[in-house]
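Notes follow the structure.
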Amino acid sequence: MKLFIINGPNLNMLGIRQPEIYGKSTLKDLEKYVADHCDKLGFETEFYQSNCEGDIVTAIQNCYKRVDGIIINAGAYTHTSIAILDALKSVDIPAVEVHLSDVNAREDFRKISYLRLACFKTISGKHFDSYTEAVDALKEYLTK
Ligand code: DQA
């Protein structure tokens, strides 16, 4: 089984970007951490990062009939993008929304999530473990 793990805008800046919120580790560190966990559970992984909304929409469309589960941290697009919501609904692949920080404990605008409407679970505030918990949730969802 294959998981597609999407990181949206500014997540390529992990390690540099607001380390007091997002930590000092890089996107590469994050991808390795998640890939190691997926290996243990027998998932294949494909990672994708883009700063562009349309490219994320296309990447989700390309998952159709190709991947079993999606993990998405759409960064700020979480709070604005109906296009990414529609893409997730179009492919109808089980998806989990993740965030490194606790979006509910930050500015009010971060409490709004369009993507949540297309995801069976949202995990936030657990840093890299938001992603590994999403992997566990997909394992349970796909094998039940
Ligand atoms: C984020 C939270 C978003 O509000 C923010 O725009 C991000 C990162 C997180 O992982 O905590 O870019 O998705």
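Answer with yes or no whether Lys89 is without any contact (Cβ under 8 Å) to a residue 24 or more places away in the chain and over 22 Å from Glu31 (Cα atoms).
No, not satisfied.
List pairs: first in region 124-139 and acidic (Asp, Glu), second assigned to a helix (DSSP H, G or I), Cβ under 9 Å, 6+ apart or cross-chain?
Asp129/Tyr33; Asp136/His37; Asp136/Leu41
Within the bounds of region 76-86, is there any residue that is touching a residue at least 60 places away in the same chain (Cβ under 8 Å), more than 27 Å from Gly42 (Cα to Cα) and small (Gly, Ala, Ser)?
Yes - at least one qualifying residue is present in region 76-86.
Is it the case that Leu41 is touching a residue at least 40 places away in the same chain (Cβ under 8 Å), hydrophobic (A, V, I, L, M, F, W, C), within 15 Å of the ligand (Cβ to nearest atom) and surrounded by 14 or more Cβ atoms within 10 Å (Cβ to Cβ)?
no
Please go through (1) crowded, with 17+ Cβ neighbours inside 10 Å; (2) on the phi < 0 side of the Ramachandran plot for Gly75 and return the number of the only condition it doesn't satisfy.
Exception for Gly75: condition (2).
List every residue pair whose Cβ atoms lie under 7 Å apart, where the two residues are 6 or more positions apart in sequence or sit on different chains, the first residue falls within region 102-119 and is at pLDDT below 95, and the second residue, located anywhere, is near the ligand (Cβ under 10 Å from one of its atoms) and not basic (Lys, Arg).
none
Could you check Ile21 against (1) in a helix (DSSP H, G or I); (2) within 15 Å of the chain's Cα centre (by Cα); (3) within 14 Å of the ligand (Cβ to nearest atom) and say which number it fails?
Of (1) in a helix (DSSP H, G or I); (2) within 15 Å of the chain's Cα centre (by Cα); (3) within 14 Å of the ligand (Cβ to nearest atom), only one is false for Ile21: (2).
Looking for something more than 22 Å from Lys126 (Cβ to Cβ), touching a residue at least 24 places away in the same chain (Cβ under 8 Å) and of a type in the set (A, V, I, L, M) - is there at least one such residue anywhere in region 13-21?
As a first pass, look at region 13-21 and keep what is more than 22 Å from Lys126 (Cβ to Cβ): none.
Looking for residues that are more than 22 Å from Lys126 (Cβ to Cβ), touching a residue at least 24 places away in the same chain (Cβ under 8 Å) and of a type in the set (A, V, I, L, M), one finds none in region 13-21, hence no.
The values are calculated or read from the model by the stated rules, or taken from the named source; none is laboratory data. What you are looking at is a predicted structure, and each value in this text was computed from that prediction instead of being measured. Here the Cβ is made from the backbone with ideal geometry for all residues, glycine too, and neighbour counts use every protein chain on show.
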